[in-house]
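Here the structure is laid out as structure tokens; the discussion comes afterwards.
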Amino acid sequence: MHIAVLSHPKSWYRRDLQRAAEECGHRVTTLPFERLTACVQTGRSTVWGEAIDLTDADAVIVRTMPPGSLEQVVFRMNLLARLEARGVQVVNSARAIECAVDKYLTTARLTAAGLPVPATIVCENAEAALAAFDQLGGDVVVKPLFGAEGRGILRVSDPDLALRTFRTLERLQAVLYLQRFVEHEGFDVRVMVLDGRVLAGMRRRNPHDFRTNVSRQAQAEPVQLSDREREWALRAASAVGARLAGIDLLYDRDGNGFVIEVNGVPGWQALQRVTRCDVAREVIQSIEQHREPKSDRR
């Protein structure tokens, strides 16, 4: 098979996926989103990565979604959708990534699926955000609508600071996503899901920061997942339509659990280190199992 990986050239995940694919005897092409080009003419629509026609690839693995303008992000999603329409496996699909990258849409999908989420209010102006701040108990986490690895997340519990924060975000034309702060014991649980099954889980512990991302110096450790955690993770991945997903679960001090996030481009370096689960090989084997003969493509 020919597998393309959309990734930053220096990414650890690019190297891990290339290692796993080559061990299974497959050819790998790696390139960033910025190198993709669309070619449309009568009777044919193709997507190129430099000199390679990606519509002839067997699969494309999305390992990055770099920042960009609205035009750039929409264009990238449309490229992925065109590849899917040509019968190329795309992991994850454009629709799944669009949902997972949007915190409001993800939270709405989770609650529609009957999963517990912290109380959340999303708005576009400082006055509405200040009212939401009071409604959520005067202690909130403000998150960028699009973002990952804890970047841009603030905890705000002072009314004056809240107003200044909300006015600044309003001037930047940002959407204000406010979530009630969950008092927790300094850890969360990350569950890795692939093809409707749980691969592994880990606990991420950070006693010095309410953000428990490993990129924020949290310590990863293996964890025995409960049946409920497995069920929640599978339902969360299904809610956003993701084949591969990292589900974050958080518990308050009374033991009440919440689904915090669904990551559609999940990292697994720390999880692999503490669980010995070869996620990259699992992904390649999943692609093998879902391979569609090129003669059957539309």
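The values are calculated or read from the model by the stated rules, or taken from the named source; none is laboratory data. Note that the structure is a prediction, hence the values are computed from the model and not measured. Methodologically, a virtual Cβ is constructed for each residue, glycine included, from the backbone with ideal geometry; neighbour enumeration extends over all protein chains shown.
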*Some residue of region 11-23 being touching a strand residue (DSSP E or B) at 6+ places or on another chain (Cβ under 6 Å), more than 18 Å from Glu288 (Cβ to Cβ), buried (at least 19 other Cβ atoms within 10 Å of the Cβ) and of a type in the set (Lys, Arg)*: yes
*Across region 123-143, what is the total count of residues that are under 26 Å from the mean Cα position of the chain (by Cα), surrounded by fewer than 18 Cβ atoms within 10 Å (Cβ to Cβ) and not charged (D, E, K, R)?*
1
*Applying the selection to region 248-298, what residues are assigned to a helix (DSSP H, G or I) and β-branched (Val, Ile, Thr)?*
Val274, Thr275, Val279, Val283, Ile284, Ile287
*Could you count how many residues in region 4-32 are within 16 Å of Val279 (Cα to Cα) and either in a strand (DSSP E or B) or more than 20 Å from the chain's Cα centre (by Cα) (or both)?*
8
*Please go through region 68-108 and pick out each residue that is in a helix (DSSP H, G or I), out of contact with any Ser or Thr (no Cβ under 7 Å at 6 or more places or on another chain), touching a residue at least 60 places away in the same chain (Cβ under 8 Å) and crowded, with 20+ Cβ neighbours inside 10 Å.*
Ala96, Ile97, Val101, Lys103, Thr106
_I need a count of the residues in region 215-233 that are buried (at least 20 other Cβ atoms within 10 Å of the Cβ), within 17 Å of the chain's Cα centre (by Cα) and modelled with pLDDT under 95._
0
